[in-house]
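Since the structure comes first, as structure tokens, the remarks are kept for the end.
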Amino acid sequence: MTSARVIGVVSLVLSFGLAVATAVALSDLAHRSTSTAFVLLSTVLAARWIVSSALNEWNGWTARVVRGAWREQLVAHLRVPRAEGERSRGDLALAIDQVAAGPSLETLATSARASVVGLVIVFWAAGWLSTLITVVLMGLAIPLYQRAGRRSEVLAQDYQRRRALLTVRQLELLNHAPELRALGAVRYGADEIAAISDSEHAIAMRALRVALESSLVTEFLSGVSIGLVAMVVGFRLLEGHLSLEHALVAVLVTSEIFLSIRRFGVEFHRREDAQKSMSNLAPPVTTNRTSRDALVVADELVTGASATRFDFRVHAGERVVITGPSGSGKTTLLHTVLGWRTPTSGHGAHADVPIGFVSVESSLVTGTLYENLTLGRPIPRDRVHALLTQLDLSSERFTDLDVRLLADGRGFSTGEKVRLALARCVLAEPAVLILDDIAGVLDSRARASLRRYLKELEGVAILEATVNDPLLTTPFQLIEVTG
Amino acid sequence: MNEDLCRLLRWLRRARPPRGELVRAILAGGVASVTGVGLLVGAVALLVQSARRPGLGAVAGVLIIIEVLAFARSPLRFAERLSAHRLGFASVTRWRRWLVASVGRWDYSRWRLHASGDLLDRSLRDTDELQDLWLRFALPFLNTLVTFVLGDVVIALLPPHGKWLAVALWFALLQFLATLLLVSNVTSLVRADRALRHARGAFQASLVELSAVTPELVLLDRASFAAERLEKRRRALALAERLAQRTQRRSLAVPLVAGLVAVQVLWFARPHASPTWVVVVALLAIANADSLATIRVALDTAAAVSGSSERLEALDEHPLLGDAPWPLDTTIQASALRLREDETDLVRQATFTITPGQRVAVVGPSGSGKSTLLRALCGLEPAFAGDVTIGGVRVRDIDETQLRAMVSYVAAEPGLTRGYVRDVLGLGRVSERDSNEDLANLGIHLDGSSRFDELSRGERQRVALARSLVTGPRIIIADEPTSGLTREDTERVLDLLSSTDATIIVATHDERVREWCDETYELVNGELRLLIR
């Protein structure tokens, strides 16, 4: 940030210097129209180009550095599953892009603040009256600007809310498009989106109007300022108190002062976006404590999804079944003891050992079956094959471990995906296995082989949540969730 | 003209705003830019004039012009920005509606390809970006051209009359050549942008994919697996970003060269005229360089948007929908039906008849293709070979609106269940049933004005079932409607289904549902056969 400020000041000083040089060249041109004047003019043109290109390069470079630094630590953001209604994690990439614009916006802000220095040049070139005009108009511009800024902030929040609503709804419709079609409601969906979009735009236009009013003010005042300075300087020129060169410097520098304020004004909202994105990039907090005496612990735990108070411990090798009707909060309970959700009261904890978690939502990644199952460690293929057979995954699709899977594990049914996720866990040799309501998506044959397999799985504690049909036949503990 | 430019023009045309508004926006923009330049030029001219020919009369004239410009400039800019945004917004609403309507007409298999990863998420952002096509490309580009023309006309009219014509023509030629040069870089910009977007998309898709799996990997102590995968994508993205920047840099010198040449032209071709006008034209030459920089930025935007339009264009075409009326006879017949997915046969040579009012269960191991079969029966999925007919009419030939009202389909993992109960159930359709009563019969007691927020899976299933009955369908097709429900809720679902006299086809693992049905088909390894009880 310091370097951004330094660059901001340097670029401003250079632009003032170039304004002065332009003034000298133009006055030269007016007096003699010599070749030196043209050479000077060409030089000014080239110098301006070099300054702006250099600034551009610098912006590109810092953005690259910032992006790189953030992207490297992104995995920390993925430790906790996405909450319902939270936007896709792909948006983190966008947030990073916005944050990366931070330094360049900081240079603009610094330039705008430092442009006050220009007043000294105006004073030197054209005396107190021109300076006074510029100061008064700048003084008028700033409070008006701030007032508009506050108003537009309120509107912008309103707008962001609408917009988030629109995006969530539209994504929901797209993600369930076949259902929308099956229900004969495509046109309804499209109309709904158009209606939300229009109302979003109505608010956006209001916010824009306010934002543009503020830039209207600066534009207006800068225009008036240039005009008045030119007039004052013009009269002093007529009276012979001032040289043309000084007069031109005064006018061009005044224009430059307002230009840098205006540039910042245009990008003002982007700076706020960048700051907001920065706060979105704070990694999620996991509230869980580490337990030492048992593998999984719930101490007087109450979750957000049910009123039941849970108090249980799971020790090595134990079998525990959690039952309750759908919607009673079984999944929330599991997520809470894993530290993915904050409890309402009490606390959940788990030991610092590998834990396998399998649910209907467990997903595969692009790559081969072998990669998916071994997660990058060398595991003999025989062992993988043997495990798949035990889980009743022995059709031809599972014989070649090196075939690349289609994205999202397409081509596998939910029942197969769940068993692959289970195999992935088992191969990582966990101390605890948590099964979140997976029996429902299995056919009777798969269910039978899973029952057999889990019964024989030794040394692993298993915690299963289910509505009424557990895979664990002889549970050590039964926990009921009543809702 | 090359393909990328053609596509840009095509998309500009597709979202073209009303002509009146467009003309207003261009004029406001052009005039605003001219006043901006004019103000500075006028101020300088005033000073030069005062210095060279002291006399109040001459100065006063210029002074009036300057003040008029100073006052008029900002409202003009204001009007220009507002109308430009209005144009952008109007086009984006159009695209959003279009997106839902086109994706909503796709067959399931096509939708499935897009729904994995975050392709749909991205298409959303793409439609949003399309507003930049007008807002940040077309309008600034056209405005700058207007500014060029107006500036050149002013130069041509400077005194002494006719003497400045040569300079004005030279300037026009320069502007034309420089613009052409900038436009010619668009193709490589688009190419670099395509690579960049590809890398960015892969990075984001990988982020989305890993966000689903990383929590489980962290628990398993295998977070490094996720980190390595992301790192690979990150490197590719950084590389593409560099390439894109390099391509943008290629046209960086064009405004500079054009500005320098303009100054040289002025030096050689300037007529014998008042130095005031020489200074004015010199300032305009410098302003030309700035305008060309604006065009450059606009073209960068165009390249960025062209990626969006390219991807959206791929979503565009959709199958023709049928127009045959709903048949009176609702016998469902499949003849030699063959269904394929991901290069595997899920159903081979299936032939069967389901008479009106019959209840049919489809069973089979998971992954055998029951869901695909159900979707083919209600025309959401095309058959690879063979036919599905209702009352002798091919399902895919029946008028879509009537078909959807008469054949309902409940997905295995239903969605669209957030919002006011009335909206969730109604979805703008004509209601034939009392859905509140249906909901109550399913054990969900709510009235139309309450809201569904976070529903559990079992609740979602029941809500979806009640919703599918709203139009009074003659055929109800449901995919695992009772999986994960308690015994009590399963009874409720079956009771509600019994209360209609519609044909019912369910895919199920549930023994109770099977017993409730009249017939059971089993689908194993692509063979569909009727089980004898």
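Please grab the % of Cα pairs in chain B that end up more than 32 Å from each other. Tail of P(r) above 32 Å: 61 percent of Cα pairs. With q set to 0.14, 0.18 Å⁻¹, the log10 of I(q)/I(0) for region B:1-87, from the Debye formula over equal scatterers at the Cα positions, is -0.64, -0.81.
Cross-link partners for B:K370 among the lysines, with Cα-Cα distance under 17 Å and sequence neighbours closer than 8 places in the same chain left out: A:K417.
Apply the Debye scattering formula to region A:210-254, with a single equal point scatterer on each alpha-carbon and no solvent, then give log10 I(q)/I(0) at q = 0.21, 0.26 Å⁻¹. Once normalised to I(0) and log-transformed, intensities are -0.65, -0.83. The convex hull drawn around the Cα atoms of chain A, when projected onto a plane and averaged over every direction, covers 32.4 nm².
Within region B:232-382, the ratio Rg/Rh, alpha carbon atoms throughout and Rh by Kirkwood, equals 1.43.
Pairs of C-alpha atoms in region A:330-483 farther apart than 21 Å represent 46 percent of all such pairs.
In a shell of Cβ-Cβ distance under 9 Å around A:L105, excluding A:L105 itself, what net charge do Lys and Arg (+1) and Asp and Glu (-1) give? Here the charged neighbours net out to 0.
For region A:403-483, the pair-distance distribution built from all alpha carbon pairs, in bins 10 Å wide starting at 0, is 15, 49, 29, 7, 1 percent. Summing charges over neighbours of A:Q73, with a neighbour being any other residue whose Cβ is under 13 Å away from its Cβ, gives +2 when K and R count +1 and D and E count -1. Where only DSSP H runs of four or more residues are counted, chain B gives -21000 deg cm²/dmol as its mean residue ellipticity at 222 nm, each run worth -39500 (n - 2.57). For region B:48-197, with the dipole built from +1 on Lys and Arg beta-carbon atoms and -1 on Asp and Glu ones, taken about the Cα centre, which of B:S83, B:Q131, B:L142 lies farthest toward the positive end? Checked the options; the winner is B:Q131. Look at where the Cα atoms of region B:467-491 and of region A:1-53 average out, and the two centres are 76 Å apart.
Looking at chain B, the DSSP beta bridges with both ends there are about 55 percent antiparallel. The label-point distance for B:S498 and B:L531, in a model that sets each label 7 Å from Cα toward Cβ, rounds to 2.0 nm.
Whole number please: convex hull volume per residue of the Cα set in region A:120-271, in Å³?
Enclosed volume per residue, from the Cα hull, is 116 Å³.
Estimated from the Cβ-Cβ distance and a Förster radius of 56 angstrom, the FRET efficiency linking B:E400 and B:V153 is about 0.50.
A crude spin-label estimate for the pair A:D198 and A:R150, with each label 7 Å from Cα along the Cβ direction, gives 3.5 nm.
With the Kirkwood sum run over all distinct C-alpha pairs, region B:55-177 has a hydrodynamic radius of 19.1 Å. Per-residue extension of 0.36 nm, minus the Cα-Cα distance of A:S35 and A:T344, leaves a gain of 103.2 nm for this segment. Panel note: the C-alpha atoms of region A:36-174, placed on their principal axes, show extents of 65, 36, 26 Å (largest first).
Taking every residue in B:355-366 and counting other chain Cβ atoms within 10 Å of its Cβ, the average works out to 2. Spatial offset of region B:425-454 relative to region B:216-282 amounts to 56 Å, using the alpha carbon center of each. Taken over the alpha carbons of region B:379-533 as equal point scatterers, the Debye sum produces base-10 log I(q)/I(0) values at 0.15, 0.17 Å⁻¹ of -0.85, -1.07. Averaging Cα coordinates gives a centre for region A:412-483 and one for region A:335-350; these two points are 21 Å apart. Taking only the Cα atoms of the protein assembly as shown, the ratio Rg/Rh comes out at 1.07, with Rh defined as the Kirkwood radius. Over all Cα atoms in region A:23-74, the spread is summed up by Rg and Dmax: 19.6, 63 Å. If the chain linking B:T351 and B:R125 were pulled fully straight, counting 0.36 nm for each residue of separation and taking away their Cα-Cα distance, it would gain 76.9 nm. Over region B:312-464, what portion of Cα pair distances is larger than 18 Å, expressed as a whole percent? The share of Cα pairs beyond 18 Å in region B:312-464 comes to 67 percent. Net charge dipole, region B:419-533: roughly 240 debye, given to the nearest 20, about the Cα centre with Cβ charges of +1 for Lys and Arg and -1 for Asp and Glu. Note on A:E361 and A:S53: their simple-model spin labels are 5.2 nm apart, each label 7 Å out from Cα toward Cβ. For region B:70-124, the Cα-based Rg and Dmax, in that order, read 18.8, 61 Å. Fewest-first ordering of B:H198, B:H85 by other beta carbons within 10 Å of each residue's beta carbon gives B:H198, B:H85. Computed on the Cα atoms alone, the convex hull of region A:184-326 gives a volume of 288 cubic angstrom per residue.
Coordinate-derived values only; no laboratory data. Since we're looking at a predicted model, the values are computed, not measured. All Cβ positions, glycine included, derive from the backbone under ideal geometry; neighbour counts span all protein chains shown.
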